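S.K.: Would you mind keeping the following structure in view while I ask a few things?
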Amino acid sequence: MTALRHSLFHGLAGALLVVSATSAVMAADAKRGAYIYTAAGCQGCHTTPKDAKAKVLLAGGRALKTPFGTYFTPNITPDPETGIGKWSHADFKRALRDGKTPAGENYFPVFPYTAYTKMSDADIADLWAYLQSVPPVKRANLPHDTKFIFGWRMMMWPWRIMNFEPGAMKADVAKSVTWNRGAYLVEALSHCGECHTPRDPLGGLKGDMHLAGTVDGPDGDPVPNITPDKETGVGEWTEDDYESLFGLGMLPDGDFIGGEMTEVYENTAKLSDADRRAMTVYLMSLPAIHNRVSKAKP
Ligand code: HEC
Ligand code: HEC
């Protein structure tokens with residue numbers, strides 16, 4: 001009897017352990033998802049500055065001005081009517097990986113799916129777990145206010161052929177684990193190139209000018225060259241300089257970073273030291289591109 005009770009107890013304890021281990025794994029997923037969410041900067045675009053102050057997250061409505069018109073970000077809270085509450089994990093994955101709506105239409109590339117397509121399946125799953133955990137907010141989406149064909153989803157297909165390569169990022173086995181982690185953080189998650197790379201007249205990123213800066217960044221503001229070019233980029237920066245920027249928002253001359261980079265630094269400051277360092281290792285390894293971007297507003 002005691003033996004039976006003993007083994008019963010063990011069986012039960014074992015079952016309990018399995019249960020708590022599974023829920024620990026699930027909880028950890030949403031928690032990892034929250035980290036991905038920070039690294040990928042989802043909140044900055046999907047929350048208006050006013051909402052951010054009131055801690056209303058991801059209800060959309062932020063206006064993004066582009067040369068093609070103004071796009072308003074949608075509500076991505078789990079509200080079933082006005083948000084993405086009825087979406088499946090597959091719908092979500094398709095949005096990030098393929099830039100397609102659940103109905104199969106094209107998203108406009110102001111939603112940086114050209115970077116997010118590089119995310120791993122695991123990170124997309126964790127991010128989905130996290131997004132389902134945020135409070136739902138009922139708020140209807142605003143229509144985009146765009147010029148001519150730039151509001152037509154159908155017209156995005158030629159753009160996609162020229163500018164979009166779907167698929168998760170593959171590790172470069174010739175490089176270190178740290179370098180690969182940095183590449184993933186910079187290219188797949190934090191989408192630095194969306195602001196720091198110049199665009200062609202149709203808004204495609206110029207691949208041969210990757211991260212070389214542009215006079216015509218978001219809202220028409222200049223964005224600096226962050227390749228390691230000594231004269232026109234950040235070739236003189238040390239590892240500590242990057243750490244001060246990513247961790248404290250401080251530039252080598254002691255000034256605080258401004259403009260849209262403020263939001264980026266607020267996210268990088270929340271990443272692990274190892275991840276910030278990995279980004280630095282990757283950035284310092286980039287080819288230097290000579291491209292002078294005037295800092296003053298034209
Ligand atoms: C640079 C701004 C920006 C960032 C950063 C951004 N988004 Fe978006 N997102 C948009 C815009 C704009 C749209 C609408 C695109 C359209 O209408 O074609 C959108 C659309 C979406 C949609 C589709 C919603 C719907 O109702 O169809 C989802 C889901 C989404 N984003 C999730 C995310 C997630 C998750 C992240 C972070 C990994 C993220 N977004 C980061 C701007 C952004
Ligand atoms: C939303 C647009 C945007 C994104 C995304 C962005 N940046 Fe920036 N970045 C800027 C702007 C604008 C400035 C100039 C800010 C200023 O002058 O105070 C800047 C400045 C910088 C600087 C300082 C360069 C110098 O010469 O002073 C570095 C380094 C930098 N960004 C790196 C990054 C990295 C790395 C990422 C991705 C993790 C990133 N940025 C993502 C807009 C952006």
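The values are calculated or read from the model by the stated rules, or taken from the named source; none is laboratory data. Since we're looking at a predicted model, the values are computed, not measured. Virtual Cβ from ideal backbone geometry, glycine too; neighbours counted across all protein chains shown.
S.K.: In the set 148, 92, which member is within 12 Å of ligand 1 (Cβ to nearest atom) and farther than 17 Å from residue 47 by Cα?
M.R.: 92
S.K.: So, one more: Restrict the check to segment 52-68 and report whether at least one residue is under 16 Å from residue 127 (Cβ atoms) and touching a Lys or Arg at 6+ places or on another chain (Cβ under 9 Å).
M.R.: No.
S.K.: Taking segment 227-246 as the region of interest, how many residues are away from ligand 2 (no atom under 12 Å from the Cβ) and in contact with a Ser or Thr (Cβ under 7 Å, 6 or more places away or on another chain)?
M.R.: Selection size over segment 227-246: 1.
S.K.: Being part of a helix (DSSP H, G or I) and out of contact with any helix residue (DSSP H, G or I) (no Cβ under 9 Å at 6 or more places or on another chain) is the filter here; which residues of segment 242-294 pass it?
M.R.: Those that are part of a helix (DSSP H, G or I) and out of contact with any helix residue (DSSP H, G or I) (no Cβ under 9 Å at 6 or more places or on another chain): 244, 262.
S.K.: For segment 39-69, what are the residues that are within 16 Å of ligand 2 (Cβ to nearest atom) and surrounded by fewer than 16 Cβ atoms within 10 Å (Cβ to Cβ)?
M.R.: 49, 52, 63, 65, 67
S.K.: Continuing with this model, one more query. With segment 83-192 as the region, which helices (runs of 4 or more DSSP H) entirely inside it contain at least 3 residues that are in contact (Cβ under 8 Å) with a residue 40 or more places away in the chain and not assigned by TED's automatic domain parsing to the domain that holds residue 243?
M.R.: Ranges flagged: 113-116, 121-131, 156-163.
S.K.: Looking only at segment 228-256, which residues are under 23 Å from residue 266 (Cβ atoms) and touching a residue at least 60 places away in the same chain (Cβ under 8 Å)?
M.R.: Result: no residue meets the conditions.
S.K.: May I ask you to list the residues in segment 59-74 that are assigned to a loop (DSSP other than H, G, I, E, B), in contact with a Pro (Cβ under 9 Å, 6 or more places away or on another chain) and near ligand 1 (Cβ under 10 Å from one of its atoms)?
M.R.: 60, 62
S.K.: Could I ask something else about it? State whether the residues of segment 265-280 include one that is hydrophobic (A, V, I, L, M, F, W, C) and farther than 23 Å from residue 32 by Cα.
M.R.: For segment 265-280, residues hydrophobic (A, V, I, L, M, F, W, C) and farther than 23 Å from residue 32 by Cα: absent.
S.K.: Further question: For segment 193-226, which residues satisfy the criterion of being closer than 28 Å to residue 149 by Cβ, within 9 Å of ligand 2 (Cβ to nearest atom) and either part of a loop (DSSP other than H, G, I, E, B) or in contact with a Leu (Cβ under 8 Å, 6 or more places away or on another chain) (or both)?
M.R.: Selection gives 193, 194, 196, 217, 218, 221, 222.
S.K.: For segment 262-292, enumerate the residues that are within 16 Å of ligand 1 (Cβ to nearest atom) and without any contact (Cβ under 8 Å) to a residue 60 or more places away in the chain.
M.R.: Answer for segment 262-292, where residues must be within 16 Å of ligand 1 (Cβ to nearest atom) and without any contact (Cβ under 8 Å) to a residue 60 or more places away in the chain: 262, 265, 266.
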